[in-house]
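Structure first, then comments.
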Amino acid sequence: MTFKTTRLDRFIHQSSDFSIADTRLLIAQKRIIVDGLPAESVQQRVTALTQVVLDGNTLRNTKAVYLMLNKPQGVVSATKDPEHATVLDLIEHPAKGALHIAGRLDLNSTGLLLLTNDGAWSRRISLPETKCRKTYEVTVAKPMHEAYVLAFQAGIYFAYEDLTTQPAHLEMLSPFTARLSLVEGRYHQVKRMFGHFQNEVLALHRVSVGSLTLGGLELGESRLLTRRELEEAGLD
């Protein structure tokens, strides 16, 4: 069995509050111990089985990463796909191989996608019980009317799962466009809710998750969430 290797300076940066540049000084001060011996070089390779001790504390490469991406159309919400580009192909981060998606978007849907290596955090976002609200901009093929608003608020019955969706808020912006907020993320939920009226969704763009918004992030771009964003979102 082979294990992925990481340069020691990158490992220190990902696993502590020290920067990559700090590692050289830490080595000189003999504050880093690798498998029982003082670290030798910033280029020294470590794996998942390597024991790295910094100032007497054993490090694990589990520094939490919280990242947002403005997903373009035609990109798969997956880490691997034989036919399409994946969201990880758009991300430049040393720990991207450990990230997973918190709330997927369909191939042709666009907008705010969250990725993390923190499983508990992603569950709080994704589970209906936490009532984390997601907001979408929707374009449909046929004109909408007031019955849509009432039906979405009351909940729409999905026969396959034998359940009724939780109340959702639909704001019609024009006969063909709307802003939809809901607290669930069931399989193709938005398309199926509009399908109740035999109305095809032509475009679906997620603009927010809780208080997190894309801001000026361009399609295909990604960035780390700030501590303030995490705190304000109540997801920290």
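Given the residues I20, I33, which is the only one that is without any contact (Cβ under 8 Å) to a residue 24 or more places away in the chain, in a loop (DSSP other than H, G, I, E, B) and buried (at least 16 other Cβ atoms within 10 Å of the Cβ)?
Working: I33 fails: in a loop (DSSP other than H, G, I, E, B).
The match here is I20.
Just to be sure, is V183 of a type in the set (A, V, I, L, M), closer than 18 Å to K71 by Cα and in contact (Cβ under 8 Å) with a residue 40 or more places away in the chain?
Working: of a type in the set (A, V, I, L, M): yes; closer than 18 Å to K71 by Cα: no; in contact (Cβ under 8 Å) with a residue 40 or more places away in the chain: yes.
Answer is no for this residue.
Restricting to the range 89-100, what's the tally of residues that are surrounded by 21 or more Cβ atoms within 10 Å (Cβ to Cβ) and at pLDDT 90 or above? So that I can check it myself, show each step before the final result.
First, pick out the residues of the range 89-100 that are surrounded by 21 or more Cβ atoms within 10 Å (Cβ to Cβ): 99.
From what's left, at pLDDT 90 or above: none.
Total satisfying the criteria: 0.
Can you tell me how many residues in the range 112-146 are modelled with pLDDT of 90 or more, surrounded by fewer than 20 Cβ atoms within 10 Å (Cβ to Cβ) and not in a loop (DSSP other than H, G, I, E, B)? Break it down into steps so the answer makes sense when it comes.
So the first thing to find is which residues in the range 112-146 are modelled with pLDDT of 90 or more, and the list is 112-115, 133-146.
Now restrict to residues that are surrounded by fewer than 20 Cβ atoms within 10 Å (Cβ to Cβ): 133, 135, 137, 139, 141-143, 145-146.
Applying the additional criterion that residues be not in a loop (DSSP other than H, G, I, E, B) yields 135, 137, 139, 146.
Total meeting the criteria: 4.
Please list, ordered by first then second residue, the pairs with beta carbon atoms under 8 Å, 6 or more apart or interchain, first in the range 140-168 and free of Cβ contacts under 8 Å to residues at least 24 places away in the same chain, second in a loop (DSSP other than H, G, I, E, B) and among the hydrophobic types (A, V, I, L, M, F, W, C).
Taking only residues 6 or more apart or on different chains, the pairs are Q153/A168; G155/A168; T164/I156.
Evaluate the range 200-212: report whether one residue or more is within 26 Å of P94 (Cβ to Cβ) and part of a loop (DSSP other than H, G, I, E, B).
Of the residues in the range 200-212, the ones within 26 Å of P94 (Cβ to Cβ) are 209, 212.
Filter once more, keeping what is part of a loop (DSSP other than H, G, I, E, B): none.
Within the range 200-212 (the criterion being within 26 Å of P94 (Cβ to Cβ) and part of a loop (DSSP other than H, G, I, E, B)), the answer is no, since none of the residues qualifies.
The values are calculated or read from the model by the stated rules, or taken from the named source; none is laboratory data. For clarity, every value in this text was computed on a predicted model and none was experimentally measured. Don't worry about glycine lacking a Cβ; one is built from the backbone with ideal geometry, like all the others, and counts go over all protein chains shown.
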